[in-house]
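Novice: Once you've had a glance at the structure underneath, I'll fire off some questions.
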Amino acid sequence: MTASISALKDGDAARIVLNTIRRPVIMIGADDLITYANADAEDFFRSSAAMLSRATLERFVPFGSPLLTLVEQVRERLAPVNEYRVDISSPRLGIEKIVDIYVAPVPELPGSVVVMFQERSMADKIDRQMTHRGAARSVTGLAAMLAHEIKNPLSGIRGAAQLLETAVSDEDRALTRLITDETDRIVSLVDRMEVFSDERPIDRYPVNIHVVLDHVKAIAKNGFARKINILEDYDPSLPPVLANRDHLVQVFLNLVKNAAEAIGADPAGEITLSTAFRPGMRVSVPGSQDRVSLPLEFCVHDNGSGVSDDILPILFDPFITTKPNGTGLGLALVAKIVGEHGGIVECEATARSTTFRVLMPAWKEESTGGHSS
């Protein structure tokens, strides 16, 4: 008969929970000895819990590893930290061992910290984000070429079709109108792509994200999401985001519209807008050793049809769409705008839900003298 959690001793319950977590988790004592390791940590470090308990972390990671520095930082600041793409490759752990690390203090045991490792996720997401930005730059060149090479001849075709319309029979007039309508559709598509060719510097200033999200919600509720319940889960103490308000409205309108289309006519459909502060969120800057803090997390969650696994890795690429009449430019534009603001956007999806997560830098008073919104 299986025992309930309430019937177990505290230590036994904790071990069950930690062994259930499919991530390597260790606890390091004030004397730097590894005082606890879950089952996944034994596999990760290729040592038994008994062996680990007689060793310090330095024995398992490379000399001068940033992990050791992180542990000391958490002890000093008494605050958790996330670090991404940390290289802990060694003969013992294996080559090309790149991990995401979460380190947190244990208030009940002064000097002790808990370390959790993850061998994937954010590093891969950052790489995909760089790909998204590259794809957006490709569209920039294509948009400039299309605007110059296609729009001018299209206006001539449209003008000729309008002239023909006055001189043909009613039966043929339907064809001239088809030419006119299709020409207008192509011009509209090119106009949308021209947004990608705008390389002017962004005017950024402190923006209250909740004002932006409330504005987006009002637009959605009076239009495409009229029959969908939109919920809010806001952190009211959030600092301003360093951004352009109009660009943020464009980003979240795209994401909320995507969510509404995924829900469709489902009467139980819901969209949740959430904000949170993640003080340990830092990412690598391409081409340098710097890590930029992206503590502001804004999410658009829906319980719609989700995103298929084959589409998910290329979701932000231009012209990728699952909609019959979609152009596949909406999410590519989202990736471009968020990237130009120094942030990242990622998508997590299951068969019945999708979450778009935007991570962005906070405004610091000393960094700009801009106006607030």
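The values are calculated or read from the model by the stated rules, or taken from the named source; none is laboratory data. Note that the coordinates shown come from a computational prediction; the quantities given were computed from them, not determined experimentally. When we count neighbours, we look across all protein chains shown, and the Cβ atoms used for this are built from the backbone with ideal geometry, even at glycine.
Novice: Can you pull out every residue in segment 60-86 that is loosely packed, with under 14 Cβ neighbours inside 10 Å and either touching a helix residue (DSSP H, G or I) at 6+ places or on another chain (Cβ under 9 Å) or outside any helix (DSSP H, G or I) (or both)?
Specialist: 63, 64, 78, 79
Novice: Go through the residues of segment 63-74 one by one and say whether even a single one is farther than 19 Å from residue 102 by Cβ and modelled with pLDDT under 85.
Specialist: Yes, segment 63-74 has at least one match.
Novice: Taking into account only those residues within segment 237-252 that are part of a loop (DSSP other than H, G, I, E, B) and under 21 Å from the mean Cα position of the chain (by Cα), which is surrounded by the fewest Cβ atoms within 10 Å (Cβ to Cβ)?
Specialist: Filtering segment 237-252 for residues that are part of a loop (DSSP other than H, G, I, E, B) and under 21 Å from the mean Cα position of the chain (by Cα), the one surrounded by the fewest Cβ atoms within 10 Å (Cβ to Cβ) comes out as 239.
Novice: Examine segment 293-308 for a residue that is over 25 Å from residue 271 (Cα atoms) and modelled with pLDDT under 85, and state whether such a residue exists.
Specialist: Checked segment 293-308: at least one residue is over 25 Å from residue 271 (Cα atoms) and modelled with pLDDT under 85.
Novice: Let me ask something else about it. Could you list, in sequence order, the residues of segment 30-50 that are out of contact with any Leu (no Cβ under 8 Å at 6 or more places or on another chain) and in a loop (DSSP other than H, G, I, E, B)?
Specialist: 31, 47, 48
Novice: Identify, please: which residue in segment 21-52 is of a type in the set (Ser, Thr, Tyr) and surrounded by 15 or more Cβ atoms within 10 Å (Cβ to Cβ) and is, among those, farthest from residue 113 (Cα to Cα)?
Specialist: Once the filter is applied, the top-ranked residue is 47.
Novice: Inside segment 215-226, can you point out the residues that are more than 20 Å from residue 340 (Cβ to Cβ) and either surrounded by 14 or more Cβ atoms within 10 Å (Cβ to Cβ) or among the aromatic types (Phe, Trp, Tyr) (or both)?
Specialist: Correct list: 215, 217, 219, 220, 221, 224, 225.
Novice: Moving to a separate point now. Name the residue that is modelled with the lowest pLDDT, counting only residues in segment 330-368 that are surrounded by fewer than 20 Cβ atoms within 10 Å (Cβ to Cβ) and among the acidic types (Asp, Glu).
Specialist: The selected residue is 366.
Novice: OK, next. Please state which of the following conditions residue 133 fails to meet, knowing it meets all the rest: (1) assigned to a helix (DSSP H, G or I); (2) at pLDDT 75 or above; (3) in contact with a helix residue (DSSP H, G or I) (Cβ under 9 Å, 6 or more places away or on another chain).
Specialist: (2)
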